[in-house]
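What follows draws every value from the coordinates through simple rules; no lab data is involved. Keep in mind it's a predicted model, so treat the numbers as computed, not measured. Quick reminder, even Gly has a Cβ in these numbers, built from the backbone with ideal geometry, and neighbours come from all protein chains shown.
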Amino acid sequence: MAFTIAVISNNTTKLKYSDDSLQLISLDIQDISVAQNLNPDISVFIIDTKDAALAHSWLTAIRSDDQYFSHLLYLHHFNHILADIDLPKNSEELLQQLNSWSARKAQLRLTDSSQLNHQVIQYLWLNKTRSISAKQSLKKDKGLYYPLLDLWSDADITGKMSWLGKQCGEGFLQKTQLINRTRSCNQCDSALLNFVDTCPSCKSIDVITEQALHCFTCGHIAKEQAFQRDNRISCPNCLTQLRHIGTDYDRPIEHIRCNSCNNLSINSEARAQCFSCDHDNDIDRLFVNNFHQYQLAINGLTLAKSGYIHAPLPTDLRDSVSKEHMAWLLNWLIHSPSAEETTYHRLMKVRVVNYQQLLQEKSELLVEQLLTDFRQRLEVLLTDQNTFCDVASDVWLYVFPFTNDTAIDEFKQQLLDIAQDAVDNSLEISVVEYDLVEKKGEGEVLSWINRIIEQL
């Protein structure tokens, strides 16, 4: 099998790959516009330059391309999080890598890259050494970010981390390593913080450390300046001259003195001042952000090799089911007889009307916590019969089988009362119910569900 290698360099590359199965083409490293019209037969890219900025431009262009985002991509002189590791040293090693990549590509049944999880799964599947990893950057509010996801998604870092957590929960990805941990402001979620010592009484940053002395003769303790007498140390209480530390006296503790309020304390109080919004944070109220490295999990491997995955039933009856499973359930209910003529099967959509407004007014983490609290209180009203589907951050579907009008009205009123009692009464909830009508199959029911979700 023949492979085409694109060597991106300044035409002075010393890379030599000589084999009948390898065809080398050269691209000028300076002409980044060439990346818009690449040879469709290229199997692997090798960027040969010591210019980090040029290399990054090419890496970004290739990984952002719909056709080449998952291709083998190597750097010659240094490593980069967007590049594959271990540049082959000779033709034999390169052919081995290409044959492995080609074989895995032939096994790949997931070809749609329009969805982020499908794109990530393809990328990870085609090279077992790849991972989704975070990188440090002072230009990012959280201090770390996921470069690959930044190319493929417009969501902010909080949204990306939430998405990664969801993929782990669904078994597509798994955490393999904790890369770093940051703390961020509880108001704006920025990790650009300044940790300062403050007075525990008045919170002033104008504090100094004073050394205290302890007289063994009388037990008197005071700041060191009080013991200074004519270039000698003597106790201001008993006037004993203190010559030898450990015998006559010692330094038991340090005192923190505030120059603003003159408060004397044993310890200062550490606080975190946010550089982004100027909020003064209690240390124990900072958000903790764990940045992990991710690789394919069992469901991700299955989806890559088969192109689909059967949605498992939830292990807990209160867990969310997939839209596909809900479509199956609704189709079954539609074609099953009702218990009584006065009972009906209902589908209820609950939507947070002002979700986008809340995101603008609060941090995403605070909004997420607000919705979590609301959902937890809502669960008290539900029974094991109320199958639940979490279709979006602000839209949830509930099935109410064999439910009469009175029960539905009572539930709606209780739900709205819970929303009204939420923190600072900021939740605006819309509740819409739908009667189940005859459909011709699960596919039609699923299309009906999707139309309901899209309705405002």
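Charged side chains reduced to their Cβ positions (Lys and Arg at +1, Asp and Glu at -1) give the chain a dipole of some 1600 debye around its Cα centre.
In this structure, the residue pairs whose Cα-Cα separation is over 23 Å, taken from 160/412; 50/105; 140/160; 166/412; 50/89, are 160/412; 50/105; 166/412. Across segment 37-48, rounded Karplus estimates of 3J(HN,Hα) from the backbone phi angles (6.51 cos²θ - 1.76 cosθ + 1.60, θ = phi - 60°) give 9, 7, 4, x, 8, 5, 9, 8, 10, 10, 9, 10 Hz, Gly and Pro being marked x.
So what is the orientation-averaged projected area of the chain, using the convex hull of its C-alpha atoms, in nm²?
Over all viewing directions, the chain projects a mean Cα-hull area of 35.4 nm².
Put a dot 7 Å past the Cα of residue 264, heading toward its Cβ, do the same for residue 114, and the two dots end up 7.4 nm apart.
The mean sequence separation of alpha-carbon pairs under 8 Å and at least six residues apart, normalised by the residue count of the chain, gives a relative contact order of 12 percent. The string of couplings for segment 447-454 from the Karplus curve (6.51, -1.76, 1.60, θ = phi - 60°) is 5, 4, 4, 4, 5, 4, 4, 6 Hz, one whole number per residue in order, with x for Gly and Pro. Annotation: amide H-H contacts under 5 Å for residue 179 (H modelled 1.01 Å from N, sequence separation of 5 or more, or interchain): 291, 292, 293.
Remark on the chain: 168, 389 stand apart, with no other cysteine beta carbon under 4.7 Å. In the frame of its principal axes, segment 35-194 has Cα extents of 53, 38, 30 Å, reported largest first. Annotation: amide H-H contacts under 5 Å for residue 42 (H modelled 1.01 Å from N, sequence separation of 5 or more, or interchain): none. Applied to segment 323-332, the Karplus parametrisation 6.51 cos²θ - 1.76 cosθ + 1.60 on θ = phi - 60° returns per-residue 3J(HN,Hα) values of 4, 5, 5, 5, 4, 4, 5, 5, 4, 5 Hz, with x for Gly and Pro. Ordering 83, 193, 118 by the projection of their Cα atoms onto the charge dipole of the chain, which places +1 on the Cβ of Lys and Arg and -1 on the Cβ of Asp and Glu, puts 83 at the extreme positive end. Look at where the Cα atoms of segment 205-265 and of segment 387-423 average out, and the two centres are 67 Å apart. Both radii are taken from the alpha-carbon atoms of segment 7-52; with Rh as the Kirkwood radius, Rg/Rh is 0.95.
For the peptides 35-45, 295-305, the ranking by mean Cβ contacts within 10 Å, running from highest to lowest, is 295-305, 35-45.
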